[in-house]
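Written below as structure tokens is the structure these notes are about.
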Amino acid sequence: MSLPDKTGHFNGFGGRYVPETLIYALDELTQEYEKAKRDKSFRQELDYYLRNYAGRPTPLYLAKNLSNYLGKARIYLKREDLLHTGAHKINNTLGQIILAKRMKKTRIIAETGAGQHGVATATVAAMFGLKCDIYMGAVDMERQKINVFRMKLLGARVIPVHSGSKTLKDALTEALRDWVTNVRNTHYIIGSVAGPHPYPAMVRDFQAIIGKETKQQIKELENRLPDYLVACVGGGSNAMGLFYPFFKNREVKFIGVEAAGEGLSSNRHAATLVKGSIGVLHGSKSKLLQDKFGQVNIAHSIAAGLDYPGVGPEHTYYQKIGRAKYVAVTDKEALEGFKLLSITEGIIPALEPAHAIFYLKKLVPKVKKNSIIIVCLSGRGDKDVHIVSEFMRL
Amino acid sequence: MTRIEEKFRDLKRARKKAFIAFITAGYPDLKTTQALVKELEKKGVDIIELGVPFSDPLADGPVIQRASEISLRKGTNLHKILQMVKELRCDVKIPLCLMSYYNPIFRFGKDKFFKLASCYGVDGLIIPDLPPEEDKNLLSLSRKNNIDIILFISPTTTKERIKFISHLARGFIYYVSLTGVTGVRERLSSDLIKNLKMIRQITHKPVCVGFGISRPQHLRQIYKIADGAIVGSAIVQKISENLGKRDLVRKIGKFVEDLINT
């Protein structure tokens with residue numbers, strides 16, 4: 001049976017834990033999405049914009065220098081960093097804005113952490129001519145100033161969120177409050193495979209283009225499937241996008257890399273799957289970082305896009321059934337990964353996939369010779385250069 | 001018959017409407033909450049909702065958000081709130097409901113929660129982020145333990161769903177007066193009367209209206225068509241304004257008394 005089931009559950013995870021007011025909007029969205037999926041004109045329109053506006057397909061690039069440096073394996077990078085707006089987020093925002101138009105919504109809202117999803121949302125809203133408000137934690141606005149400016153330049157309003165930890169979690173909560181209030185004319189573009197049903201499944205499907213292309217490309221390049229897929233996991237959209245089309249290919253191992261922040265024993269990390277427990281946050285049941293009373297902890301990561309105490313329910317499901325393995329990489333190690341890819345390949349990665357890059361140093365020594373490893377390079381590092389420069393002397 | 005059902009039966013006989021007060025438990029501290037509950041009963045409040053603070057209260061506006069944050073910082077948790085209800089039950093006779101987001105109850109353990117809540121004298125449970133279809137086990141646990149599960153109907157709820165929800169609802173139905181979060185509003189939503197009339201045709205269970213209700217004229221309008229009104233943010237706001245004052249409890253009592261007597 002394909003998951004989620006009709007009620008939006010992945011073997012018990014997921015669902016819809018939301019105020020009654022939103023049920024009608026989620027029903028409407030589910031129906032519209034199911035209809036659109038079967039509608040050839042929807043698929044054609046999305047495909048058109050993915051190709052001509054976003055820049056798909058993205059290359060699957062053999063990172064020879066990095067492979068030689070680490071030895072043993074052939075490492076490929078799925079170059080989502082080359083997309084318009086600089087990250088994989090646009091795959092999803094394009095899909096959702098076309099849906100919003102079909103539902104005749106006049107206003108778009110979104111939450112953002114690193115600002116990549118906010119920029120990708122503001123971008124498509126500008127192109128399709130819809131009003132756009134982006135919620136962003138005040139702390140994140142400070143550390144991702146350039147993206148704040150980009151969103152404003154694109155005509156969006158960026159609304160600072162001062163409650164709680166002033167990061168992604170609080171931006172999501174605030175966006176949900178806005179949606180409850182303006183549900184009749186507003187579509188909420190959630191940026192990850194999180195939130196209430198149908199978001200986890202819908203965002204996964206829009207991001208699955210990453211894995212579908214990868215599958216075809218690696219067959220052409222190597223005439224076989226890869227041994228490992230590696231991707232960073234915050235909410236988990238780039239990882240799910242890469243993994244999902246390979247779900248049935250049992251020989252392909254999935255590794256999700258979370259943010260260990262200042263260390264897994266420090267309490268300042270965002271390793272939800274590695275260290276969290278089952279609970280309900282932002283509309284779905286999944287793993288989360290919480291205290292023994294069910295209060296949600298504040299996450300920490302140097303990468304604003306991973307700085308989230310929850311994770312998409314399908315990842316929790318993958319972990320439970322043993323389909324994917326989840327590991328964590330610290331801030332310090334991520335910085336090393338950031339530098340490593342820059343120096344070996346001339347590619348400056350975002351801090352989020354820099355976690356996945358670093359993990360290769362641990363993984364490669366353990367794999368069989370000539371293994372094929374594919375890393376999702378989910379975004380480029382321009383937005384992080386000023387943060388990294390505070391930690392690094394050159 | 002549960003204490004909430006008895007309450008509505010008595011009110012109906014007396015041709016009266018329910019005044020339901022919400023306060024955030026542990027704001028500014030649990031001792032004050034305890035004193036407030038007693039004072040509110042004395043002033044004629046019919047049912048009290050005690051808000052269990054949560055780190056991410058997505059159905060709440062700024063007033064209750066801030067109160068929850070402060071309460072959490074003081075170390076309030078579900079365990080302590082249940083203990084408080086147990087102590088209160090020695091002298092408080094009116095129905096007491098807990099309003100909690102799902103996660104604190106889930107984390108506490110549903111079985112353990114219902115057992116303790118029922119034993120300590122909790123009468124009703126309101127979970128703003130739980131549509132009834134999402135946890136049937138919780139619904140049956142609440143019935144088994146004689147705790148009324150109070151469900152929401154909102155302006156966007158379809159007719160089909162109104163039937164479904166009112167069938168499952170116990171105690172009373174919580175009608176959300178507007179699409180939005182909790183918080184004081186100037187005036188009531190224009191489609192309120194129309195929507196309530198429709199709900200009335202579908203169910204005979206008591207319907208009370210909450211969200212945004214803060215003024216005497218709001219109460220008068222609601223009492224014409226519903227069985228009761230729920231006032232939350234306006235009271236919590238008043239508590240905020242009187243923090244640190246020795247006569248805080250008395251002032252809140254007076255504020256609520258004035259509302260009730262309109």
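General remarks:
- Residue under evaluation B:THR179, criteria (1) within 12 Å of chain A (Cβ to nearest Cβ); (2) modelled with pLDDT of 95 or more; (3) within 30 Å of B:SER240 (Cβ to Cβ), criterion not met: (2)
- Members of region A:127-144 that are outside any strand (DSSP E or B) and touching a residue at least 40 places away in the same chain (Cβ under 8 Å): A:MET127, A:ASP140, A:ARG143, A:GLN144
- B:GLU5 vs. criteria over 19 Å from B:GLN65 (Cα atoms) and either buried (at least 19 other Cβ atoms within 10 Å of the Cβ) or among the charged types (D, E, K, R) (or both): yes
- Inclusion of A:MET141 among residues that are modelled with pLDDT under 95, buried (at least 19 other Cβ atoms within 10 Å of the Cβ), touching a helix residue (DSSP H, G or I) at 6+ places or on another chain (Cβ under 6 Å) and not charged (D, E, K, R) is warranted.
- Selection within region A:168-210 - under 10 Å from A:SER237 (Cα atoms) and among the basic types (Lys, Arg): A:ARG204
- Every residue from region A:173-212 that is of a type in the set (S, T, N, Q) and surrounded by fewer than 23 Cβ atoms within 10 Å (Cβ to Cβ): A:THR181, A:ASN182, A:ASN185, A:THR186
- For region B:44-91, filtering for residues that are over 19 Å from B:ILE235 (Cβ atoms), part of a helix (DSSP H, G or I) and more than 8 Å from chain A (Cβ to nearest Cβ) leaves 6.
- Qualifying residue in region A:276-288 (condition: modelled with pLDDT of 95 or more, more than 14 Å from chain B (Cβ to nearest Cβ) and surrounded by 22 or more Cβ atoms within 10 Å (Cβ to Cβ)): no
- Selection count, region B:104-162, where residues are part of a loop (DSSP other than H, G, I, E, B) and either hydrophobic (A, V, I, L, M, F, W, C) or within 30 Å of B:ILE193 (Cα to Cα) (or both): 14
- Search result, residues across region B:13-35 that are part of a helix (DSSP H, G or I) and either in contact with a His (Cβ under 7 Å, 6 or more places away or on another chain) or not polar (S, T, N, Q) (or both): B:ARG13, B:LEU30, B:LYS31, B:ALA35
- Taking region A:166-274 as the region of interest, the helices (runs of 4 or more DSSP H) fully inside it that hold 3 or more residues being of a type in the set (D, E, K, R) and touching a strand residue (DSSP E or B) at 6+ places or on another chain (Cβ under 8 Å) are A:168-182.
- One residue stands out among those in region A:54-81 that are surrounded by 20 or more Cβ atoms within 10 Å (Cβ to Cβ) and aliphatic (A, V, I, L, M): the one that is nearest to A:ASP133 (Cα to Cα), which is A:ALA54.
- Test: residue in region A:21-39 that is away from chain B (no Cβ under 14 Å), among the aromatic types (Phe, Trp, Tyr) and more than 22 Å from the chain's Cα centre (by Cα): no
- Scoring A:VAL119 on the criteria (1) β-branched (Val, Ile, Thr); (2) within 14 Å of chain B (Cβ to nearest Cβ); (3) outside any loop (DSSP other than H, G, I, E, B) leaves a single failure, condition (2).
For (1) within 13 Å of chain A (Cβ to nearest Cβ); (2) farther than 16 Å from B:LEU98 by Cβ; (3) more than 20 Å from the chain's Cα centre (by Cα), each residue gets a yes or a no:
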site: B:ASP123; (1), (2), (3): no, no, no
site: B:ASP129; (1), (2), (3): yes, no, no
site: B:GLU133; (1), (2), (3): yes, yes, yes
site: B:ASN145; (1), (2), (3): no, no, no
site: B:LEU151; (1), (2), (3): yes, no, no
site: B:PRO155; (1), (2), (3): yes, yes, no
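- Among the residues making up region A:1-20, those that are exposed (fewer than 15 other Cβ atoms within 10 Å of the Cβ), within 12 Å of chain B (Cβ to nearest Cβ) and within 22 Å of B:PHE106 (Cβ to Cβ) are A:THR7, A:GLY12.
- Scanning region A:353-394 for residues that are of a type in the set (Lys, Arg) and either touching a Pro at 6+ places or on another chain (Cβ under 9 Å) or exposed (fewer than 12 other Cβ atoms within 10 Å of the Cβ) (or both) yields A:LYS366, A:LYS368, A:LYS369, A:ARG380, A:ARG393.
- Residue check, A:SER163 more than 14 Å from every other protein chain (Cβ to nearest Cβ) and either touching a His at 6+ places or on another chain (Cβ under 6 Å) or part of a loop (DSSP other than H, G, I, E, B) (or both): no
- Top-ranked residue in region B:160-174 [being under 14 Å from the mean Cα position of the chain (by Cα) and more than 10 Å from chain A (Cβ to nearest Cβ); ranked as surrounded by the fewest Cβ atoms within 10 Å (Cβ to Cβ)]: B:ARG170
- Subset of region B:217-243 (residues that are without any contact (Cβ under 8 Å) to a residue 40 or more places away in the chain and assigned to a loop (DSSP other than H, G, I, E, B)): B:ASN242
- Considering residues of region A:179-199 that are closer than 20 Å to A:ASP307 by Cβ and not aromatic (Phe, Trp, Tyr) only, the residue farthest from the other protein chains (Cβ to nearest Cβ): A:VAL193
- Selection of helices (runs of 4 or more DSSP H) fully inside region A:306-394 by the criterion of at least 3 residues being more than 30 Å from A:HIS197 (Cα to Cα) and not charged (D, E, K, R) returns A:331-345, A:351-363, A:385-391.
- Residue check, A:VAL327 of a type in the set (A, V, I, L, M, F, W, C), within 30 Å of A:ASN68 (Cβ to Cβ) and away from chain B (no Cβ under 14 Å): yes
The values are calculated or read from the model by the stated rules, or taken from the named source; none is laboratory data. The shown structure was predicted, so the numbers you read here are calculated from the model rather than taken from an experiment. Here Cβ is always computed from backbone atoms with ideal geometry, including for glycine, and neighbour counts include all displayed protein chains.
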